[in-house]
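Chemist: Below is a structure I'd like to ask you about.
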Amino acid sequence: MNTDRKPVRVRYAPSPTGDFHVGGARTALFNWLFARHHGGRFILRIEDTDRKRYNPQALQWLLDGLRYLELDWDEGPEVGGGYGPYVQTERLEIYREHCGRLLEAGAAYRCFCTPERLQELARQAQQRGERGGYDRACRNLDPEEAARRAEAGEPHVVRFKMPLEGETTVHDAIRGDITFPNAVLQDTVLMKSDGIPTYHLANVVDDHLMEISHVLRGDEWVNSLPLHIHLYRAFGWEPPVMAHLPLILNPTGKGKMSKREERAPDGSVRPVFVRTFQELGYLPEAMINFLALLGWSYDDKTEIMSRQELIERFTLERVQASPAVWNYDKLDHMNGYYIRQLAPEDLAGRLVPFFEKAGWKADREKVLQIVPLIRERIKRLSDAVAVADFFFLEKLPPYDAAELIPKKGDAAMALAALERGREALGKIEFTREAIEAALRGEAEKLGIKAGQMFHPIRVAISGRKVSPPLFESLEVLGKETSLARIGEAIAKLRGASGA
Ligand code: GLU
């Protein structure tokens, strides 16, 4: 095979029809890793010939998503390159010319069948339980006659002449040889009546002209392999190495990963689009590590790998043929790990946009103070909004007075703890150590457990029973805000007890 000699040139060739799905991101990543591993080129090509499904937003989502994942492309939109244009609708002349070559060589033919006739044939085929169903009526037309009719303006498509008998065996670098009986193959349309090619023609022509050495793509294209291989043969070209990446199953392992995002009853989303992962605050480091393991492994046990390690270790030999299973818990776990690995300044910088989006004035200094208090408690950057809200909110969300009452205690105990706590905290310099000493001292004097002292104070300043570490939180909040909130809690308790 040609693997060793040709320079490695791989492409990610999405069709901009919708949101950028993580399945696509996995394909992009494997191509990118393969290119970087071999010192080759990673090309981005936009396959936008399906005008009915074209979605103008999709390209932006795609480019933004690739940027977020830091999958930089060496050739393609915005960066150019020596094999452009990289958007297929800008290459229509090239496809028409190549289609002409196939017609000339007798490898393709013009088909004048009306859409109504084709629909009827498809309906009949469906009744028989078959797919496709085109009866190849135009395959036997005299080519000169067909050319004349085309010239006279009669609408037509161009179809590929597939072999009618025998078998086609194709080699897949991941799955090995795959054999298809030719009888099941259709005479697929290469050029539509409006002069726009179908995916198959454009894809093969571009992979050849762009000197793609390896095609790494989703497994849904396996069934197109025989057509593509016959197209290469008809053009007299050598096909690239073909490799179809394993399917991604949803977390149950029973069905394909969903194409849509579903909401759980609690309102949380199960993300499947790259921009949702970004919005929720998954780090690109974690996404890359997680996606790399969807169908590839280094040694069956190493899970955490940096981008650099992945580049060094990535080979096609270790891509599996069997489906991979998506696991949200594993991704969350990895993301938490990568969050904890970040330098505090780095994490602070990444959190600021999330706090700002929540509508808070989040200056970097303050966020930097909060980082050590919350970094262990978040799996996604967006989680920080719920964990750290009380540092930013002017007014705490309402909570029930009963929440202030400590375990094995009552309202009187809570009230005493809050009042004594407020008094003691009012007298000290507001540092972590002094705060702790003061609160512990008051608990002792009151003859209550330290936890019974801390609980009402915690609820008073954060509005919650579970919060980041108490003394540090008080320190960051500052004396004034802390005392004011404790005061509000006291008033709340008094109001509740009617005292
Ligand atoms: N445009 C196709 C897609 O979106 C590309 C398939 C291929 O890589 O050949 O999946």
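The values are calculated or read from the model by the stated rules, or taken from the named source; none is laboratory data. Everything numeric here is computed off the predicted structure, so don't read it as measured data. Every residue, glycine among them, receives a Cβ derived from its backbone with ideal geometry; neighbour counts consider all protein chains shown. Just the protein is used for accessible areas: all its heavy atoms, side chains included, with ligands, DNA and RNA removed. Shrake-Rupley method; radii C 1.70, N 1.55, O 1.52, S 1.80 Å.
Chemist: Reported to two decimal places, what Rg/Rh ratio describes the range 25-144 when computed on Cα atoms with Rh from the Kirkwood expression?
Modeler: Working: Rg = 20.1 Å, Rh = 18.2 Å.
Taking Rg over the Kirkwood Rh, I get 1.11.
Chemist: Ordered by residue, what ³J(HN,Hα) values in Hz, to whole numbers, does the range 126-140 give under the Karplus form 6.51 cos²θ - 1.76 cosθ + 1.60, where θ = phi - 60° and Gly and Pro are x?
Modeler: Working through the residues one at a time gives 4, 4, 7, x, 10, 9, x, x, 5, 8, 6, 3, 8, 4, 9 Hz.
Chemist: Quote the charge dipole size of the range 249-381 about the Cα centre in Debye, to the nearest 20; the model charges only the Cβ of Lys and Arg (+1) and of Asp and Glu (-1). Let's see the in-between values first.
Modeler: Working: 22 positive and 19 negative charges, 95 e Å.
Using Cβ point charges on Lys, Arg, Asp and Glu, the range 249-381 gives about 460 debye.
Chemist: How big is the Rg/Rh ratio for the range 149-264, C-alpha atoms only, Rh by Kirkwood, two decimals?
Modeler: Working: Rg = 17.3 Å, Rh = 16.4 Å.
Result for the range 149-264 is an Rg/Rh of 1.05.
Chemist: Right, another one. Give me Rg/Rg_expected for the range 267-422, where Rg uses Cα atoms only and Rg_expected = 2.2 N^0.38 Å with N residues. Numbers along the way, then the final one.
Modeler: Working: Rg = 20.7 Å, N = 156, 2.2 N^0.38 = 15.0 Å.
Dividing the Cα Rg of the range 267-422 by 2.2 N^0.38 Å gives 1.38.
Chemist: May I pose another question? Report, for the chain, the % of DSSP beta bridges that are antiparallel, rounded to 5.
Modeler: Values: 19 of 33 bridges.
Here the share of antiparallel DSSP bridges comes out near 60 percent.
Chemist: Another question about this same structure. Per residue and in cubic angstrom, what volume does the convex hull of the Cα atoms of the chain have? Write down the numbers at each step before the final one.
Modeler: Details: hull volume 99.2 nm³, N = 499.
Here the figure is 199 Å³ per residue.
Chemist: May I pose another question? Rounded, prolate or oblate for the range 398-468? Axes are the square roots of the Cα gyration tensor eigenvalues, ordered a ≥ b ≥ c, and the cut-off for rounded is a/c under 1.5.
Modeler: Numbers: a/c = 1.85, a/b = 1.31, b/c = 1.41.
Since a/c reaches 1.5 but b/c is at least a/b, the shape of the range 398-468 is classed as oblate.
Chemist: Mind pulling up the Rg/Rh value for the range 258-304? Radius of gyration and Kirkwood radius, both on Cα. Kindly include the intermediate steps, with their values, before the conclusion.
Modeler: On the way: Rg = 13.1 Å, Rh = 12.3 Å.
For the range 258-304, the value is 1.06.
Chemist: Further question on the same structure: Tell me whether the range 429-475 comes out rounded, prolate or oblate; compute the Cα gyration tensor, take square roots of the eigenvalues as a ≥ b ≥ c, and use a/c under 1.5 as the rounded threshold. Please list the in-between numbers first.
Modeler: Working: a/c = 2.45, a/b = 1.15, b/c = 2.13.
It comes out oblate by the Cα gyration axes.
Chemist: Whole number in Å², please: accessible area per residue of the chain, 1.4 Å probe, ligands, DNA and RNA not counted.
Modeler: 48 Å²
Chemist: In terms of modelled amide H atoms, which long-range or inter-chain residues lie less than 5 Å from the amide H of MET242?
Modeler: Residues meeting the amide H criterion: ALA173, VAL215.
Chemist: Could you tell me the largest-minus-smallest coordinate of the C-alpha atoms of the range 345-440 on each of the three principal axes, in descending order and whole angstroms?
Modeler: For the range 345-440, the Cα extents along the three principal axes come out at 43, 30, 24 Å.
Chemist: Take the solvent-accessible surface of the protein heavy atoms, probe 1.4 Å, and return the percent of it on the chain that carbon and sulfur atoms account for.
Modeler: Working: 11850 of 23940 Å².
Looking at the chain in its full context, I get 49 percent from C and S.
Chemist: Follow-up. Given Cβ point charges of +1 (Lys, Arg) and -1 (Asp, Glu) and nothing else, what value in debye, to the nearest 20, does the dipole of the range 251-303 about its Cα centre take? Let's see the in-between values first.
Modeler: On the way: 8 positive and 8 negative charges, 78 e Å.
Once rounded to the nearest 20, the dipole reads 380 debye.
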